[in-house]
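Please read the structure below before turning to the comments.
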Amino acid sequence: MSSVNRLASREPLEEILKSRAEISGIEYIKDILASMSSIVCILNKQNQIVFSNDILLQKYNFDLEKNILGVRPGEVFKCVNANNETGGCGTSERCEYCGARTAFEEAWSKMEKVIHECKITSRKGDEIYQLDLEVSATPVTFESEYLIVAINDITEQNRKILLERIFFHDILNIAGSLQGVIDLVPNLCEEEQETYLEVAGSLTEQIIDEIKAQQQMIKAESGELQVHLRILNIDKVLKKLGDHIRFHNVSHEKEIKILNHTESKVICSDETLLTRVLLNMVKNAMEAVRQGEEIVLEATDLVDRVRFSVHNNTYIPREIQLQIFQRSYSTKGNNRGVGTYSMKLLGESYLKGCVDFTSTEEAGTTFFIDLPKITLD
């Protein structure tokens with residue numbers, strides 16, 4: 001049976017309770033699972049939880065029958081893709097690239113133990129969390145066939161490694177460029193020196209900006225980031241972004257077109273966080289286009305919101321689109337993958353906006369953030 005057919009329906013609660021009773025009757029099963037440090041649950045053929053150890057219940061303060069029995073793992077972890085109209089965890093288009101679903105499918109088809117890493121974007125109220133999980137799925141047969149699933153939370157371990165790797169990678173690249181400019185200055189005429197010193201100043205600002213960005217991400221993920229709202233002039237925000245990107249290495253022989261179609265020309269927001277979100281959009285767009293091409297940074301009015309958008313003429317393949325906001329997912333190599341994640345985290349959890357994108361072969365790609373039109377009291 002294909003995974004699509006298997007997940008299209010669920011066993012009713014009475015069948016789930018029968019499965020739980022069957023497993024509970026196995027000698028020492030509770031003691032064995034209770035002795036394990038991982039979250040452990042047992043799934044039926046529809047990937048519904050029919051049994052779990054106490055760690056899952058204690059960690060999330062769940063009631064077994066109310067919150068656990070009959071649900072699927074993604075629903076326990078509040079995965080944003082589990083709340084969909086097609087049938088819940090494992091059934092949406094985005095689930096196709098889920099490490100947990102892949103582990104379950106391979107374990108069922110091969111009837112052997114499978115281990116995969118799984119990245120889950122979890123939403124609890126207005127808060128967004130990125131979870132990195134190591135998922136082990138092992139088929140077993142009691143009276144019926146089941147999967148024993150062990151889940152280890154490796155979020156903090158992966159986050160620390162990734163942020164440090166990206167931070168040092170970017171800092172060293174910019175510092176290397178700065179050193180190259182400084183080495184050239186003594187050998188240049190006075191007019192050329194002024195130009196190169198301007199470049200050196202810009203590179204110095206980029207180093208400071210990267211350090212601040214690292215601090216912001218650490219505070220944002222720990223819930224300690226403070227939001228400072230004030231009235232911002234949109235023209236100045238857009239100009240600052242244009243000036244910032246002008247000497248960045250991603251902008252070499254590329255252009256940025258800036259448009260402001262808003263009526264009020266102002267917005268109430270946190271300038272530092274908004275700049276961080278938009279700068280990530282601008283950098284990504286610049287990296288996507290070729291020399292001689294341009295990107296468009298634009299501000300427009302919606303009914304009760306202001307949209308800031310960044311457009312480029314390239315297309316993002318569908319399989320990449322489905323994973324775009326996951327932390328550490330990137331098509332640019334191992335030292336990338338925080339930019340789009342930070343857009344979502346800062347733009348939605350802290351600025352209370354909506355961050356998303358569109359991408360088609362005909363129209364290209366546009367990332368945007370829609371921010372509410374609010375005023376200071």
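The values are calculated or read from the model by the stated rules, or taken from the named source; none is laboratory data. Being a predicted model, the structure only gives us computed values, none of them experimental. A quick note on method: Cβ atoms are made from the backbone with ideal geometry, for glycine too, and the neighbour counts reach across all protein chains shown. For accessibility, only protein heavy atoms count, side chains too; no ligands or nucleic acids. Shrake-Rupley method; radii C 1.70, N 1.55, O 1.52, S 1.80 Å.
On alpha-carbon atoms, Rg over Rh for region 26-69 using Kirkwood Rh? For region 26-69, the value is 0.96.
Against the compact-protein benchmark of 2.2 N^0.38 Å, the Cα-based radius of gyration of region 1-157 scales to 0.97.
When you filter the GluC sites (Glu not before Pro) in region 191-276 for DSSP loop state and at most 16 other Cβ atoms inside 10 Å of their Cβ, you are left with 224, 253, 263.
What GluC sites (Glu not before Pro) does region 109-159 have in DSSP loop regions with at most 15 other beta carbons within 10 Å?
Counting only loop positions with at most 15 other Cβ atoms within 10 Å, the GluC sites (Glu not before Pro) in region 109-159 are 112, 143.
Loop-resident trypsin sites (Lys or Arg not before Pro) (DSSP state other than H, G, I, E or B) in region 177-262 with no more than 14 further Cβ atoms inside 10 Å of their Cβ are absent.
With the Kirkwood sum run over all distinct C-alpha pairs, region 262-323 has a hydrodynamic radius of 13.5 Å. The ellipsoid equivalent to the alpha-carbon distribution of region 199-274 has semi-axes of 23, 22, 9 angstrom, derived from the gyration tensor eigenvalues as √(5λ) and listed largest first.
Partners of residue 257 within straight-line reach, counting aspartates and glutamates whose Cα lies under 16 Å from its Cα and excluding those fewer than 8 residues away in the same chain: 235, 243, 287, 293, 294, 298.
With loop defined by DSSP as not H, G, I, E or B, and exposure as at most 14 other Cβ atoms within 10 Å, which is the longest segment of the chain clear of exposed chymotrypsin sites (Phe, Trp or Tyr not before Pro)? Provide the component values of the computation, followed by the final result.
Values: sites that count: 28, 60, 142.
No qualifying site falls inside 143-377, the longest such stretch.
Using Cα positions and a limit of under 15 Å, work out the aspartates and glutamates in reach of residue 110, with same-chain residues fewer than 8 apart set aside. Qualifying aspartates and glutamates at Cα under 15 Å: 145. A helix-only calculation puts the chain at -12500 deg cm²/dmol for mean residue ellipticity at 222 nm, using -39500 (n - 2.57) for each DSSP H run of at least four residues, averaged over all residues. Hey, with R₀ at 51 Å, roughly what FRET efficiency would residue 175 and residue 352 work out to, going by the Cβ-Cβ distance, to 0.05? Given R0 = 51 Å and the Cβ-Cβ separation, E is 0.90.
Go ahead and collect, in residue order, the members of region 219-248 whose backbone nitrogen is under 20 Å from a label point 7 Å along the Cα-Cβ direction of residue 194. Counting backbone N atoms under 20 Å from the label point, the list is 247. The spacing between region 91-150 and region 263-319, judged by their C-alpha centroids, is 35 Å. Considering only 122, 74, 19, the residue lying farthest towards the positive end of the dipole of the chain is 19, judged by Cα position with unit charges set on Cβ.
Length available on full extension from residue 160 to residue 230: 0.36 nm per residue minus the Cα-Cα distance, which gives 22.0 nm.
Mind scanning 236/352; 78/239; 212/265 and naming the pairs with a C-alpha gap bigger than 30 Å?
Pairs exceeding the cut-off: 78/239.
Find the accessible area per residue for the chain; the probe is 1.4 Å, ligands and nucleic acids are left out, and the unit is Å². Roughly 52 Å² per residue, with all protein chains present. Principal axis extents of the Cα atoms in the chain, from largest to smallest and rounded to whole angstrom, are 86, 48, 42. Please report the carbon-and-sulfur percent of the accessible area for the chain; probe 1.4 Å, protein heavy atoms only, DNA, RNA and ligands left out. Carbon plus sulfur share of accessible area: 50 percent.
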